[in-house]
Every structure is written in C-alpha cells, then in structure tokens.
Amino acid sequence: MVARGEVEKARASNRNIVFEMGHSSIAEHAVFNLDILAVSRLLVEEIERFRLASYTEKSQRYVLLQGDFVIPVEVRQAGLGDIFGETVRAQNRCYHELFEKLRPFVFETNPELAADPANRSLLEGWAKEDARYAIASPRKPSSG
C-alpha cells in the first residue's frame with residue numbers, strides 16, 4: 001500500500017506510542033529538509049528570525065564565493081541591475097584576490113598549525129573569513 005494510504009494507521013500508532021506508552025521521543029523523529037536557494041540576504045535573515053524549526057545555513061565565511069548572486073527585484077525595476085551586478089562581480093574578484101594572498105600569509109604566520117595537514121581547512125577558513133571583508137564590511141562601533 002502507498003504511504004499516503006497508511007497515514008491514519010501511522011497517526012494511530014504514534015498516538016498510542018506517545019499517549020498510551022509514554023514514549024514522547026517519537027515526536028522528535030519527524031524530520032524534513034528544505035533547500036532554499038537564490039534568495040536575498042534579507043530573506044535569509046527573515047527565515048532565521050521566524051523559523052518554525054532549527055536550520056543549518058551554508059557558511060559564508062568558510063566557502064569560496066562563486067559568481068552566483070541575486071539582484072533584488074526593486075534594484076532591477078529601478079534600472080540599477082547592471083551597476084549592482086558589476087559591483088558584486090568586482091567585490092567577488094577582490095575577495096578571490098585577497099584569499100589567494102591571505103592563504104599563504106595565514107599559513108606562514110601560524111607555522112605550528114600549518115605543520116599538521118589536518119589544520120589545512122582551519123587555516124584556509126581563516127583566510128576566507130578575512131577575505132570576506134571585501135564583500136561585507138564589519139560594523140563599526142557607534143561613537144558617542
């Protein structure tokens with residue numbers, strides 16, 4: 001029988017296990033994954049803020065940026081899509097140039113860690129994180 005035909009049977013079994021037997025841990029077994037791709041940074045923040053369940057977000061610090069990005073509809077409608085795209089591509093080029101120069105620097109300034117090949121991804125992650133400032137300036141403390 002198709003799983004959809006078993007829904008009521010599964011519900012009854014779960015009610016029995018949870019309420020009759022007292023094993024509430026079965027409620028923790030419901031798992032689903034959603035991949036949300038090609039959305040704005042603002043939407044990502046909203047998903048994180050108003051989430052129904054836990055989430056795992058792809059790190060922006062430890063992955064090499066590629067050429068994919070989203071041009072907000074409002075930017076495109078205002079006729080600014082070209083300049084927006086040019087700016088993002090320039091930031092990405094700068095990011096890659098910085099990473100390529102920071103990677104050897106990080107290894108050279110941390111020789112004790114660099115001596116162990118197991119630390120390679122850690123050190124490369126530090127270089128990626130530092131290069132990321134080309135695309136997302138850190139917040140400056142407010143004065144006053």
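The values are calculated or read from the model by the stated rules, or taken from the named source; none is laboratory data. What you see is a predicted model; the values in this text were computed from it and never measured. Glycine gets a Cβ as well: all are built from the backbone with ideal geometry, and neighbour counts include every protein chain shown. Each accessible area value is taken on the protein alone, full model and side chains, heavy atoms only, with ligands, DNA and RNA left out. Shrake-Rupley method; radii C 1.70, N 1.55, O 1.52, S 1.80 Å.
In segment 83-132, what residues are touching a helix residue (DSSP H, G or I) at 6+ places or on another chain (Cβ under 8 Å), small (G, A, S) and under 25 Å from I71 (Cβ atoms)?
A131
Residues being modelled with pLDDT under 75, open to solvent by less than 80 Å² (accessible area, probe 1.4 Å) and in a helix (DSSP H, G or I): count how many of those fall in segment 14-70.
Residues flagged as modelled with pLDDT under 75, open to solvent by less than 80 Å² (accessible area, probe 1.4 Å) and in a helix (DSSP H, G or I) within segment 14-70 amount to 4.
The conditions are (1) at pLDDT below 95; (2) out of contact with any Phe, Trp or Tyr (no Cβ under 9 Å at 6 or more places or on another chain); (3) part of a helix (DSSP H, G or I); (4) not aromatic (F, W, Y), and D130 fails exactly one of them. Which is it?
Status for D130: all satisfied but (2).
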